[in-house]
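The values are calculated or read from the model by the stated rules, or taken from the named source; none is laboratory data. Only a predicted model underlies this, so the values are computations on that prediction, with no experimental measurement involved. FYI the Cβ positions are ideal-geometry reconstructions off the backbone, even for glycines, and counts take in every protein chain you see. With ligands, DNA and RNA removed, areas are computed over all heavy atoms of the protein, side chains included. Shrake-Rupley method; radii C 1.70, N 1.55, O 1.52, S 1.80 Å.
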Amino acid sequence: MILQGIAVSEGIGIGRVRSLNDSRKTAVRKYTDVPEKEREKLIKAGTQAEAQLEELYQKTLAEAGKEAAEIFLAQKMMLRDPEYLGEIEKRMAAEPVTAAYAVKTATESFLSVFENLDEPYFRERSLDLKDVSELLLNALAETEEEETSAEKTEEPFVFCAETITPSGLMKIPRNQICALITANDSLQNHTAILCRIRNIPAITGIPIPENIDGQMAVIDGNKGILYLDPDEKLLRQYKTKTGEKAEAKTQPRSLRNQTNTFPVYANISGPEDLNAALENGADGIGLYRTEFAYLQKDSLPTEEELFQQYRTAAEKMSPAKVIIRTVDFGGDKTPEYLKLPEENAPSLRGTAFALSCPDILRAQLRAIYRASAYGNLAVMFPMIHDQEEFAAALSLTEEIKQELSAEGTHYANIPRGCMIETRSAVTCADQLAETADFFSIGTNDLEADLTGRSRYIGGKGSSEEQKQLLLETIRKITQAGKKRGIPVGICGELASDPALTGSLIPLGINSLSVNAVNIKRIREQYQILNGEVTLL
């Protein structure tokens, strides 16, 4: 069977189909003899749903960046919305129905309004509301969603559903999903965006046939085609295509027959992202966000666990470079299990935060240096404010190297970089360049510090003055690096905007690091500019 849909996220997926259930269908009309108990259940479910949204926010923040994670901040606000909660309470007060049925009917009432409006904004809000209600209903049922159970399977599934919410997608481990097909999702909704960020081939607008579970499927996310129960010839053709693609990309692009020398690296959040980096032709890893290894657990990962993850990255990308950022905790990125002194919590962030928790940082640095014996690693420290802070971090690396030497453990004398993300770091960039082996500019936080904005300069509402301020600041940083002969890269959202590539390269930037799905278009833009732009 061949079904034509709408391509949402590029790529090819081959696997057996697994259907996702819509938990809202389980909320049937029921009455209760103890309305007060139902209200208590609703309050408890709201607390549980909010905790789940916070977990999803942290996971997405680590895996896909701040802009994608803000989807779940918006949903947390919706979960607290007095109109929505008031409508649920109103229905429970009118007749003694269960909390689950009140949530279901209140949600349907809001959706009937949202979905009849032409504005894209309200269509997005309807998807968020579906997500929020689903979390509430699951919490009320005191069961986990079937679709998010982390079965251990040899091969990933092709997941299918009438629709799937952002939280439903993010709860599926990346290694368990090879493609996604949906019937009703909009081409521009949050789920589609997350598919592209996570490099999941996806098609929408597909009528889901009955008894689809267990059937073999091929999803061509480039053409928007679903092949159900394909014959051996077609299956061979697509397996050959994916095999050739994988073989061509088993090494970083910098090791293949390319002529330009301007590297475009990938940003990753863990070993599970390495395949996407390779498949998209990354020249290496410019930013390994290490927070996810901490955020996905209920306790600190061990040094050995971290070592195995970093070793995997080093070996898989070798001999290309992998730049590992030490933990960037603080603010809204702090695991709940870290019980920190109150005086530490409000203001510390990045390296200052890590230095206030030396046992955590020491374990991570030991893991990084141990893994350095297996590939081409570098380490960089986030949110540096001044020379003293960076010197303290460097001093700790020296202690770690002495410890490992005393133990007879092999390690490499890896480059140590400084992230420039604060105005104070820009002010002392000349001095920081004296001891740093490289600079990496985190434009998201840098722009927020410079202008008070939380989004990159390509975002809605950016002014020309803000753009010029940030670009001029980047020029100052690259000049400081050039004076001391150290490379300067960018790993923030700014690097992912092809419209700005031509503005960044003349400033003296030596590399860009972006989410894997953006590598191709950034490289294409560079190739267009190549010959017209002089690298400084």
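Numbers for the structure displayed
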quantity: All positions within segment 207-240 that are in a helix (DSSP H, G or I) and of a type outside the set (Asp, Glu); calculated: LYS233, LEU234, LEU235, ARG236, GLN237, TYR238, LYS239, THR240
quantity: Filtered residue count, segment 498-517, keeping only those that are of a type in the set (Gly, Ala, Ser) and part of a helix (DSSP H, G or I); calculated: 4
quantity: Check on PHE114, under 23 Å from PRO166 (Cα atoms), touching a Ser or Thr at 6+ places or on another chain (Cβ under 7 Å), crowded, with 18+ Cβ neighbours inside 10 Å and touching a residue at least 12 places away in the same chain (Cβ under 8 Å); calculated: yes
quantity: Residue that is farthest from VAL426 (Cα to Cα), among those in segment 368-395 that are under 30 Å from the mean Cα position of the chain (by Cα), surrounded by fewer than 22 Cβ atoms within 10 Å (Cβ to Cβ) and not hydrophobic (A, V, I, L, M, F, W, C); calculated: TYR374
quantity: Any hit, segment 452-469, residues being at pLDDT 95 or above and in a helix (DSSP H, G or I); calculated: no
quantity: Tally, over segment 255-292, of residues that are at pLDDT below 90, touching an Asp or Glu at 6+ places or on another chain (Cβ under 7 Å) and not in a loop (DSSP other than H, G, I, E, B); calculated: 1
quantity: Residue satisfying condition, being modelled with pLDDT under 90 and either of a type outside the set (S, T, N, Q) or farther than 18 Å from TYR265 by Cα (or both), within set GLU472, GLU447, GLU434; calculated: GLU447
quantity: First in segment 356-368 and within 22 Å of PRO271 (Cβ to Cβ), second anywhere and among the polar types (S, T, N, Q) and in a helix (DSSP H, G or I), Cβ under 7 Å, 6 or more apart; calculated: LEU365/THR397
quantity: Residue selected from segment 118-145 under the condition among the polar types (S, T, N, Q) and at pLDDT 70 or above, by the criterion surrounded by the most Cβ atoms within 10 Å (Cβ to Cβ); calculated: SER133
quantity: Residue in segment 29-55 that is nearest to GLY492 (Cα to Cα), counting only those that are open to solvent by less than 80 Å² (accessible area, probe 1.4 Å) and at pLDDT below 80; calculated: PRO35
quantity: Some residue of segment 353-363 being under 26 Å from the mean Cα position of the chain (by Cα), open to solvent by 40 Å² or more (accessible area, probe 1.4 Å) and among the hydrophobic types (A, V, I, L, M, F, W, C); calculated: yes
quantity: Residues of segment 63-78 classified as surrounded by fewer than 22 Cβ atoms within 10 Å (Cβ to Cβ) and either at pLDDT 80 or above or in a helix (DSSP H, G or I) (or both), total; calculated: 10
quantity: Filter result (in contact with a Lys or Arg (Cβ under 6 Å, 6 or more places away or on another chain) and part of a helix (DSSP H, G or I)) within segment 370-393; calculated: ALA371, TYR374
quantity: Residue list for segment 396-418, filter: part of a helix (DSSP H, G or I) and either over 20 Å from LEU432 (Cβ atoms) or open to solvent by 60 Å² or more (accessible area, probe 1.4 Å) (or both); calculated: GLU398, GLU399, ILE400, LYS401, GLN402, GLU403, LEU404, SER405, ALA406, GLU407
